[in-house]
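These notes are about the structure you will find just below.
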Amino acid sequence: MKQMRKKAEKHSSKLINELMAGRDKHTTAMTRNRMLLAAKIDDGIKAKGWGKSQFAEKMGKEPSVITKWLSGTHNFTSDRLTEIGLVLGIELLRVDSKPNIIRYQPVIVTQNSENEIQVSPELGMLINEGIFSQRVIADC
Amino acid sequence: MKYKIVGLGEFTGNEATIYSVILNNEDETLFEKFIEENINSFKDEIYFILDRLEVIGNETGAREIFFKLKEGKPGDGVVALYDEPDSNLRLYCIKYGTQIIILGGGGQKPKDIRTLQEDNKLKEENYLLRKISKEITERIKDKRIEFSNFGQELEGELEFEDETDA
């Protein structure tokens, strides 16, 4: 009998839903990053108009190593990503933006004869100078 | 044998549509059976496969680099999802471009075999997907199945029944 032309029926799986909900978010993030990096390298190779073998040659590696890198399962070192980025002319690591710097300065906390706490230099002065963030003050 | 292609919403996203197959009006897809068969022995590998399918569906699409190609007959699209290098599992799929995957079953791949034909379970799962791929291809040629939504979905007669059973 001729069937109606239609989209596939949606199948919902309790088993898959439960497993998806129970995943370790760190492992999931690592898997995702490995795959996204591989995809970016794949795009970089294609943008150069190279095949896997040509890229292997440029990297001084066997094609089987490149296959592994591109499979999205490989845990790259930052040195390797730098090297690949230079060969492909793409940026795989973003380290050029200035990191947030929290500056710490030692303080002396004393208690006088009237049980008053004294901090030197004064906390107010340090805050005005931007030495302490709010979080660091809370740590004090 | 009867079977139908069903969509798996858990993995389908903007980049790829993920399907699996239900045989003989059973409750579970081939992919769910694969999970059940292996979750106790290879839990980490199963989680890894779920993670990868989610990324493929939502972010990268089914790029060739993520699959071991030519696991079936030439041009039939039967592939295996790459997993961790020291993993024990093989999951077979049919891949149409980067936007459609049909998940089949698979099993444990013993380290001491070179070809899937050396393992009965892998051979059975792989040959089932080869058969399904062949029948889908015939329907695509006959325009009984078409690619819709800019190549991201299958549409048409997605239920199959062997003529000997009909």
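Inside the range B:24-74, can you point out the residues that are in a helix (DSSP H, G or I) and among the aromatic types (Phe, Trp, Tyr)?
Selection gives B:Phe31, B:Phe34, B:Tyr47, B:Phe48, B:Phe66.
Which ones in the range B:112-145 are outside any helix (DSSP H, G or I) and loosely packed, with under 13 Cβ neighbours inside 10 Å?
Within the range B:112-145, B:Asp112, B:Ile113, B:Arg114, B:Thr115, B:Asp142, B:Lys143 meet the criteria.
Just wondering, is there one or more residues in the range B:110-126 that are within 11 Å of another protein chain (Cβ to nearest Cβ) and over 16 Å from the mean Cα position of the chain (by Cα)?
no
For the list (1) more than 23 Å from B:Leu116 (Cα to Cα); (2) within 10 Å of chain A (Cβ to nearest Cβ); (3) surrounded by 21 or more Cβ atoms within 10 Å (Cβ to Cβ), I need the number of the one condition that B:Glu32 fails.
(1)
Is there a residue in the range A:41-50 that is at the interface with chain B (Cβ under 8 Å from one of its Cβ atoms) and either in contact (Cβ under 8 Å) with a residue 12 or more places away in the chain or of a type outside the set (A, V, I, L, M) (or both)?
yes
Considering the range B:77-109 alone, what residues qualify as being in a loop (DSSP other than H, G, I, E, B), under 24 Å from A:His74 (Cβ atoms) and not basic (Lys, Arg)?
B:Tyr82, B:Asp83, B:Glu84, B:Pro85, B:Asp86, B:Ser87, B:Asn88, B:Thr98
Does the range B:64-76 include one or more residues that are under 19 Å from A:Ala21 (Cα atoms) and either surrounded by 21 or more Cβ atoms within 10 Å (Cβ to Cβ) or touching a His at 6+ places or on another chain (Cβ under 9 Å) (or both)?
Scanning the range B:64-76, I find no residue that is under 19 Å from A:Ala21 (Cα atoms) and either surrounded by 21 or more Cβ atoms within 10 Å (Cβ to Cβ) or touching a His at 6+ places or on another chain (Cβ under 9 Å) (or both), so the answer is no.
All but one of (1) touching an Asp or Glu at 6+ places or on another chain (Cβ under 9 Å); (2) within 24 Å of A:Asp24 (Cβ to Cβ); (3) of a type in the set (Lys, Arg) hold for B:Lys43, so report the exception by its number.
(1)
What about B:Phe150, is it surrounded by 13 or more Cβ atoms within 10 Å (Cβ to Cβ) and within 18 Å of A:Lys7 (Cβ to Cβ)?
No: the conditions fail for B:Phe150.
Among the listed residues B:Asn24, B:Asn88, which satisfies the condition of being in contact with a strand residue (DSSP E or B) (Cβ under 6 Å, 6 or more places away or on another chain) and either facing chain A (nearest Cβ under 10 Å) or farther than 26 Å from B:Glu155 by Cα (or both)?
Just one listed residue meets the conditions, B:Asn88.
To keep it simple, each residue is scored yes or no on (1) acidic (Asp, Glu); (2) over 19 Å from B:Ala16 (Cβ atoms).
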{"residue": "B:Gly77", "(1), (2)": "no, no"}
{"residue": "B:Asp83", "(1), (2)": "yes, no"}
{"residue": "B:Gln117", "(1), (2)": "no, yes"}
{"residue": "B:Ser133", "(1), (2)": "no, no"}
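Since every read-out is calculated from the coordinates, none of them should be taken as a lab result. Quick caveat: nothing in here was measured; it's all calculated off a predicted structure. Please note: Cβ atoms are built from the backbone with ideal geometry, for glycine as well, and neighbour counts cover all protein chains shown.
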